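S.K.: To start, I am sharing the structure in question, which I have written as structure tokens.
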Amino acid sequence: MNTEFNESIYNLIPRTPPPQRQPLKYKSVFYDAVREAAKDKKFSSRTMGVIKTKVETTDYLKKQQKASPTKDTPFQRSMAASEKKSRVPKANVRPTMGSKSNKDFVKTNALTVIKSPAKQPKPRYVDSPGGNSYDLENSGYALKYSSKGNYGKVPQYINTRKEQIKESQRAYDEYVQERFRRGAIQQVSPEELHDTIRQLKQNWEEVYQHYQSLPVLTDTYPGKLRKERMELEMKQLEDDISVLEKHSVVYVTDRY
């Protein structure tokens, strides 16, 4: 029989509630080891100095103690006599009243305006029927650079460079003439130079004919060496011909 809903004398006695048990929390097995490792190798005041430091109450840094000594010079204001202003009038001095001038300010202003140059309007251009105007100077339509005084003239640095080249050529010609007088060099005549170029071209043609007669596939070591030797020989002949054709005057010497 359920006595909860029935009257009973035992229900009048207060009952102590049962203690509430908190749920168990997770605790790692390495908890104690981590705490000991965190405390290990730690020392107090290791980087911040001694904890208790004696403070000097008499010998301490005072104001302007480290400042460099400077000579105290009074403030002097240099001003010319003409630049000095007049003294301030006293309170009992009254200004002069009713002073008149014979100057005609209207006429003076009129003459100043007449003699002054007229203000030139800023050049502008209109590019639409509605009358939208823009600055003409920076638009690119105005002849800005061709109107300058130095337009179309050779710059000064180019003239300087030409003078330097002429001076170098003159010094070289003097050197060549000096070598001529000593007999150290000789000039090749135009006929001899022409014959030399013709002979070099003929040699190149002969080497080229032999080069054309080589087999397409060169699979032997002596054949490869022969082909490379002929290519080097043609390249050397081409360089010699190019050098001689570029210069109309050639000098030779026996001394190296």
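S.K.: Could you list, in sequence order, the residues of the stretch 109-128 that are more than 30 Å from S139 (Cβ to Cβ) and surrounded by 10 or more Cβ atoms within 10 Å (Cβ to Cβ)?
M.R.: N109, A110, L111
S.K.: Which residue pairs have Cβ atoms under 8 Å apart, sit 6 or more places apart or on different chains, and have a first residue in the stretch 227-256 that is more than 30 Å from G183 (Cα to Cα) and a second that is modelled with pLDDT of 85 or more and of a type in the set (A, V, I, L, M)?
M.R.: K227/L214; M230/V207; M230/L214; E233/V207; M234/V207
S.K.: Let me ask you something else. Checking the conditions here, which among Q187, Q209 is among the polar types (S, T, N, Q), open to solvent by 60 Å² or more (accessible area, probe 1.4 Å) and without any contact (Cβ under 8 Å) to a residue 60 or more places away in the chain?
M.R.: Only one candidate passes the filter, namely Q209.
S.K.: Output the residues belonging to the stretch 22-64 that are in a loop (DSSP other than H, G, I, E, B), at pLDDT 70 or above and either in contact with a Ser or Thr (Cβ under 9 Å, 6 or more places away or on another chain) or open to solvent by less than 100 Å² (accessible area, probe 1.4 Å) (or both).
M.R.: S28, D40, listed by residue number.
S.K.: Still on this structure, I have one more. Tell me which residues, restricted to the stretch 231-251, are in contact with a helix residue (DSSP H, G or I) (Cβ under 9 Å, 6 or more places away or on another chain) and under 22 Å from H210 (Cβ atoms).
M.R.: Scanning the stretch 231-251 gives E231, E233, M234, L237, E238, D240, I241.
S.K.: Okay, moving on. Given the criterion out of contact with any Gly (no Cβ under 8 Å at 6 or more places or on another chain), of a type in the set (D, E, K, R), in contact (Cβ under 8 Å) with a residue 12 or more places away in the chain and in a loop (DSSP other than H, G, I, E, B), identify the matching residue among K90, K100, K122.
M.R.: Result: K122 is the single residue among K90, K100, K122 that is out of contact with any Gly (no Cβ under 8 Å at 6 or more places or on another chain), of a type in the set (D, E, K, R), in contact (Cβ under 8 Å) with a residue 12 or more places away in the chain and in a loop (DSSP other than H, G, I, E, B).
S.K.: So, R255, is that one open to solvent by 80 Å² or more (accessible area, probe 1.4 Å), out of contact with any His (no Cβ under 6 Å at 6 or more places or on another chain), charged (D, E, K, R) and at pLDDT 85 or above or not?
M.R.: Answer is no for this residue.
The values are calculated or read from the model by the stated rules, or taken from the named source; none is laboratory data. This one's a predicted model, so the numbers in the text were calculated from it and none came from an experiment. Note that each Cβ is placed from the backbone with ideal geometry, even for glycine, and that neighbours are counted across all protein chains shown. Heads up: the accessible areas ignore ligands, DNA and RNA and are worked out on the full protein's heavy atoms, side chains in. Shrake-Rupley method; radii C 1.70, N 1.55, O 1.52, S 1.80 Å.
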